[in-house]
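Data first, discussion second: the structure below is written as structure tokens.
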Amino acid sequence: MKYTLHIGSTYMFSLVFIAAGVFHVLEPEGFARMMVGWPFPYVIVYTTACLEWLMAGLLFLPNVRKQAAKWIAVYLILVSPANLFAAQVGIPFPGQESTERAALWLRLIGQPLLILWAMSIAKWENSRNNDHQIMMK
């Protein structure tokens, strides 16, 4: 039962990341607005979409799932400053003309939750691998 919940949670996380990548491609202007002063913001937006798809796909592969989950956590930490900047200066959500400031700040709460979710996937995979190694001895 625990394994089924873990796999369901992992696949759900993967689908969230796939959807995020799709949204980056559908609304690149909104994401590019979050990178004022960065060179080639659209290249960065499309690159992050591809990274999100790649990492989401790796979550479906058991032999690299733990490493993929850890890299996703690192990725989420690295993109957090863009969300912080958007909240500070009031850049609306991609695809919207305006967004309430409170919603922009609430989005920042989602980032650590996604990081914890990714790390829980990695932790479960680690414990599952340790259990498997003990059984093999």
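Remarks
- Counting only helices (runs of 4 or more DSSP H) that sit wholly inside segment 40-136, those with at least 1 residues that are in contact with a Lys or Arg (Cβ under 6 Å, 6 or more places away or on another chain), open to solvent by less than 30 Å² (accessible area, probe 1.4 Å) and within 23 Å of residue 14 (Cβ to Cβ) are 65-89, 101-136.
Quick grid of which residues meet (1) at pLDDT 95 or above; (2) on the phi > 0 side of the Ramachandran plot:
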| position | (1), (2) |
| --- | --- |
| 15 | yes, no |
| 44 | yes, no |
| 69 | yes, no |
| 80 | no, no |
| 95 | no, yes |
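The values are calculated or read from the model by the stated rules, or taken from the named source; none is laboratory data. As the structure is a prediction and not an experimental result, all values here were calculated from the model. We place every Cβ from the backbone using ideal geometry, glycine too, and count neighbours over all the protein chains shown. Note: accessible area is taken over every heavy atom of the protein model, side chains too, but ligands, DNA and RNA are not part of it. Shrake-Rupley method; radii C 1.70, N 1.55, O 1.52, S 1.80 Å.
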